[in-house]
Amino acid sequence: MPKQLIIDGKPIEVEDGTTLLQACEQAGAEIPRFCYHERLSIAGNCRMCLVEVEGSPKPIASCAMGVSDLPPNRDGSPKKIFTKSAVVKKAREGVMEFLLINHPLDCPICDQGGECDLQDQAMAFGIGGSRYQENKRAVEEKNIGPLIKTMMTRCIHCTRCVRYMTEIAGVEELGLIGRGEDAEITTYLEKGILSEMSANVVDLCPVGALTHRPWAHNARPWEMKKTETIDVMDAIGSAIRVDARGPEVLRVLPRNNDAVNEEWISDKTRHVADGLKTQRLDQPYVRKDGRLQPASWDEALAAAAAALKAASPARIGAIAGDLAGAEEMYALKELMGRLGSPNIDCRQAGEAIDPSLGRAGYLFNATIEGIDQADAIMIIGSNPRIEAPVLNARIRKRWRQGGLLVGVIGEKADLGYKYEHLGSGPDALKQFITHPPAQKERPMFIIGMGALSRPDGGAVLAAAAKSALALGVVKDGWNGFSVLHTAAARVAGLDLGFVPGAGGKSVAAMASAGGLDVVYNLGADEIDIAPGAFVIYQGSHGDRGAHRADVILPGSAYTEKSATYVNTEGRAQQTVRAVFAPGQAKEDWAIIRALSASAGHTLPFDQLSALRAAMYKTAPALARLNRIEPAPVAAISALAGQGGSLASGPLTSMVKDFYLTNPIARSSAIMAELSALKSIAGGAAGLRAAE
């Protein structure tokens, strides 16, 4: 039942369950806060959000008081709330004075300067001085890992970091110990934090107690150019902000997008920025006398064009990697078509996905936001904690609300929530076809690449589709059949039909010995191409693909171009260029356009807008930016009709090392350090388990 209030003289009606703080903000009042956060449980620690309620003997902490808890007036009139009265002003000034008793005057050297809530609110709601002359307390620093720099003397004990680690990240590693002046935030047993999403606590910290260690003392916020774009480290498409100074990307921060990542990002997304400037390909290379030699663009394009002209169309192929944008994949597909080659494939890991059956067969149909409505989730051949940490946090959020059953078919792993292990191999799916259990209202299947990249991946997908239909995962008003991709480029490639044509070869066939004479490698760095073929590599980093290449064409990273990516749920999004590519590197679609002219098959577009206009005709879904349209479910019925026999091996995740999944991450010193720490911690945990 709606509750009527009068806030600063303005009548307002709010729903039951709303806090007083939320009601005041709905009325347009600004309420300061330190401990309160919309996505965390209520603590009521800081008392900065005090408001005056008519009839109350003292100011009330608005974050912890629900509107339904306010006692009614005797005459039945609405309660009056005051957020700007003299009582409120004096109370907030007193709270701020207490908070600053022990807070050091570190603003000139603090990394949080310019982005500090305490700094801003002390100016807006505090007073100009303090009555306290006693010595300030000092707190010993904590070493909680390579990502988070601590200065705990600045801590105001809001406990946001503790609640985040416990509730969102699912790693209960932080806590408040001691009492009174001796109270401090610390890790249990003085050990570091190993979580794929730990660095979000820095965004939550309202003071400079927790800051980013890799960025320490690099820049002030007003020095940097801020660009809103999207992340490509996984297939979620998290909303991010790239901060750059001059030609260098300094940091990556999350943006709020409730439908995708809420306001969290993984540690890899946040700290991979140093990999953007190391091991970069900044000029073309051509292999001469067995060694790669620097060359001009004309020389490199001429060498690549000569190889394409000399080979027969059936002996030419193209492979698209995990970070390729839709524009360059479309341009490469058009070039291969003009050369007469059917050998194209974007499924670098060999996923058994046939886009001709329909989009519903390879999308996360329930949507990421749909996890909030699920009442049963079965995870098949996936470890979402390392494949998509943000999505896994969403599952944990739904699990904490209660009423969610989670089952796993595949390897056992710590996912951050309780689940029932139903089996390791695909045989476990058969029982749901023959003996379906009691149906849930909104069940969901999450099918990972570990299930689809096996030799029997097609049969596993068909069995999953049959089980989904038997369990009511697909029904009117609900499609819970959800494929979780691990590569940002995969869905766009499938939408464009970047798969072998009639008689065409797959990635495995193209990379095998004697498979092809010429292979165009568009950033595919997770495969080994056998000796014999002439390899044209186009990419941004000197990774495995560049080492094997005969011609290297330097391209742009995701922060250096405007490119379209489609996330695992089918949401088309575009990156925005934050900085320019280094040296002579160019945008990827422009490289392919230039090569087409050298090869005698000029593509019919000179500008990005013309390319996109043609691309949208091929794949209209790419034009619907930031929107999701449900895919026809007939594709799932078609999948269920596919044959194939299931093998007996266990379903294992495709991601073996969360921190080293792509060439940008493998070029990052921070990711290398985290990977080493994780392996050491994993080895120690294994030893303890063995003991």
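Looking at this structure, is Arg593 at pLDDT 95 or above, of a type in the set (Lys, Arg) and touching a Leu at 6+ places or on another chain (Cβ under 6 Å)? Criteria met by Arg593. Among residues of region 119-178 being in a loop (DSSP other than H, G, I, E, B) and touching a Cys at 6+ places or on another chain (Cβ under 9 Å), the one that is surrounded by the fewest Cβ atoms within 10 Å (Cβ to Cβ) is His157. Of all the residues in region 43-60, those that are outside any loop (DSSP other than H, G, I, E, B) and over 30 Å from Glu167 (Cα atoms) number 2. Take the conditions (1) surrounded by fewer than 19 Cβ atoms within 10 Å (Cβ to Cβ); (2) at pLDDT 90 or above; (3) over 26 Å from Ala524 (Cβ atoms); Ile636 misses just one of them, which is (1).
Of all the residues in region 661-691, those that are open to solvent by less than 70 Å² (accessible area, probe 1.4 Å), of a type in the set (A, V, I, L, M) and modelled with pLDDT under 80 number 3.
Take the conditions (1) open to solvent by 30 Å² or more (accessible area, probe 1.4 Å); (2) touching a Gly at 6+ places or on another chain (Cβ under 7 Å); (3) over 26 Å from Ala219 (Cα atoms); Met96 misses just one of them, which is (1). Taken over region 329-344, the criterion of being within 17 Å of Ala619 (Cα to Cα) and open to solvent by 20 Å² or more (accessible area, probe 1.4 Å) is satisfied by Lys333, Glu334, Gly337.
Picking from residues in region 61-83 that are without any contact (Cβ under 8 Å) to a residue 60 or more places away in the chain and hydroxyl-bearing (Ser, Thr, Tyr), the one that is farthest from Tyr164 (Cα to Cα) is Ser77. For beta carbons closer than 7 Å, sequence separation of 6+ or different chains, a first residue in region 139-166 that is free of Cβ contacts under 8 Å to residues at least 12 places away in the same chain and a second that is of a type outside the set (A, V, I, L, M) and open to solvent by less than 20 Å² (accessible area, probe 1.4 Å), the qualifying pairs are Glu141/Thr150. Residues in region 562-581 that are open to solvent by 40 Å² or more (accessible area, probe 1.4 Å) and either in contact with a helix residue (DSSP H, G or I) (Cβ under 8 Å, 6 or more places away or on another chain) or assigned to a loop (DSSP other than H, G, I, E, B) (or both): Val576, Arg577, Phe580. With the condition kept exactly as written, say whether any residue in region 231-247 is open to solvent by 50 Å² or more (accessible area, probe 1.4 Å), touching a residue at least 60 places away in the same chain (Cβ under 8 Å) and charged (D, E, K, R). Taking every residue of region 231-247 in turn, none turns out to be open to solvent by 50 Å² or more (accessible area, probe 1.4 Å), touching a residue at least 60 places away in the same chain (Cβ under 8 Å) and charged (D, E, K, R). Looking across region 388-445 at every residue that is on the phi < 0 side of the Ramachandran plot and touching a Pro at 6+ places or on another chain (Cβ under 8 Å), the one that is most open to solvent (accessible area, probe 1.4 Å) is identified as Glu411. Residues in region 509-538 that are open to solvent by 10 Å² or more (accessible area, probe 1.4 Å) and of a type outside the set (A, V, I, L, M, F, W, C) were compared, and the one that is modelled with the lowest pLDDT is Gly514. With respect to (1) surrounded by fewer than 22 Cβ atoms within 10 Å (Cβ to Cβ); (2) within 22 Å of Ala557 (Cβ to Cβ), the lone exception for Ala300 is condition (1).
Would you check which residues across region 446-467 are open to solvent by less than 20 Å² (accessible area, probe 1.4 Å) and of a type in the set (Gly, Ala, Ser) and list them? Of everything in region 446-467, those that are open to solvent by less than 20 Å² (accessible area, probe 1.4 Å) and of a type in the set (Gly, Ala, Ser) turn out to be Gly448, Gly450, Ala451, Gly457, Ala459, Ala462, Ala463, Ala464, Ala465, Ser467. Filtering Pro650, Pro632 for residues that are within 19 Å of Thr568 (Cα to Cα) and assigned to a loop (DSSP other than H, G, I, E, B) leaves a single hit, Pro632. For region 308-319, residues that are surrounded by fewer than 21 Cβ atoms within 10 Å (Cβ to Cβ) and of a type outside the set (Lys, Arg) total 5. What's the total number of residues in region 294-311 that are among the polar types (S, T, N, Q) and either modelled with pLDDT under 95 or assigned to a helix (DSSP H, G or I) (or both)? Number satisfying all stated conditions: 0.
Considering region 358-381, and only residues there that are out of contact with any Pro (no Cβ under 9 Å at 6 or more places or on another chain), assigned to a helix (DSSP H, G or I) and open to solvent by less than 10 Å² (accessible area, probe 1.4 Å), the residue that is nearest to Gly410 (Cα to Cα) turns out to be Ile371. Hey, does region 106-118 have a residue that's open to solvent by less than 30 Å² (accessible area, probe 1.4 Å), over 23 Å from Pro32 (Cα atoms) and free of Cβ contacts under 8 Å to residues at least 60 places away in the same chain? No: region 106-118 contains no residue that is open to solvent by less than 30 Å² (accessible area, probe 1.4 Å), over 23 Å from Pro32 (Cα atoms) and free of Cβ contacts under 8 Å to residues at least 60 places away in the same chain. Condition check for Phe658 on (1) buried (at least 21 other Cβ atoms within 10 Å of the Cβ); (2) of a type in the set (A, V, I, L, M, F, W, C); (3) closer than 30 Å to Leu308 by Cβ: one failure, at (3). Of all residue pairs spaced 6 or more apart or on separate chains, those with beta-carbon atoms under 7 Å, a first member in region 286-311 that is closer than 15 Å to Tyr537 by Cα and a second member that is polar (S, T, N, Q) and crowded, with 16+ Cβ neighbours inside 10 Å are Pro294/Gln283; Leu301/Ser598; Ala302/Ser598; Ala305/Ser598.
Any residue at all in region 402-409 that is without any contact (Cβ under 8 Å) to a residue 40 or more places away in the chain and within 19 Å of the chain's Cα centre (by Cα)? No, because not a single residue in region 402-409 is without any contact (Cβ under 8 Å) to a residue 40 or more places away in the chain and within 19 Å of the chain's Cα centre (by Cα).
Please verify whether region 349-357 includes one or more residues that are surrounded by fewer than 24 Cβ atoms within 10 Å (Cβ to Cβ), farther than 17 Å from Tyr565 by Cα and either at pLDDT 95 or above or under 22 Å from the mean Cα position of the chain (by Cα) (or both). So far as region 349-357 goes, yes, one or more of its residues are surrounded by fewer than 24 Cβ atoms within 10 Å (Cβ to Cβ), farther than 17 Å from Tyr565 by Cα and either at pLDDT 95 or above or under 22 Å from the mean Cα position of the chain (by Cα) (or both). Selection of region 497-516 for residues being out of contact with any Lys or Arg (no Cβ under 6 Å at 6 or more places or on another chain), assigned to a loop (DSSP other than H, G, I, E, B) and in contact (Cβ under 8 Å) with a residue 24 or more places away in the chain yields Gly497, Val499, Pro500, Gly501, Ala502, Gly503, Gly504, Lys505, Ser506, Gly515.
Would you say Val51 is of a type in the set (A, V, I, L, M), without any contact (Cβ under 8 Å) to a residue 60 or more places away in the chain, surrounded by 19 or more Cβ atoms within 10 Å (Cβ to Cβ) and over 28 Å from Arg220 (Cβ atoms)? When the stated conditions are applied, Val51 passes them. Whenever a residue of region 216-229 is open to solvent by less than 30 Å² (accessible area, probe 1.4 Å), its partners that are assigned to a strand (DSSP E or B) and of a type in the set (Gly, Ala, Ser), lying with C-beta atoms within less than 8 angstrom and at least six residues away or across chains, give the pairs Met224/Ala244; Thr227/Ala244. Quick check on my filter: what residues within region 387-401 are without any contact (Cβ under 8 Å) to a residue 40 or more places away in the chain and among the charged types (D, E, K, R)? Across region 387-401, the qualifying residue is only Arg398.
The values are calculated or read from the model by the stated rules, or taken from the named source; none is laboratory data. As the structure is a computational prediction, the values presented were derived from the model and not from experiment. For neighbour counting, all protein chains shown are included, and Cβ atoms are generated from backbone atoms with ideal geometry for every residue, glycine included. Accessible surface is based on the protein model in full, side chains and every heavy atom, while ligands, DNA and RNA are left aside. Shrake-Rupley method; radii C 1.70, N 1.55, O 1.52, S 1.80 Å.
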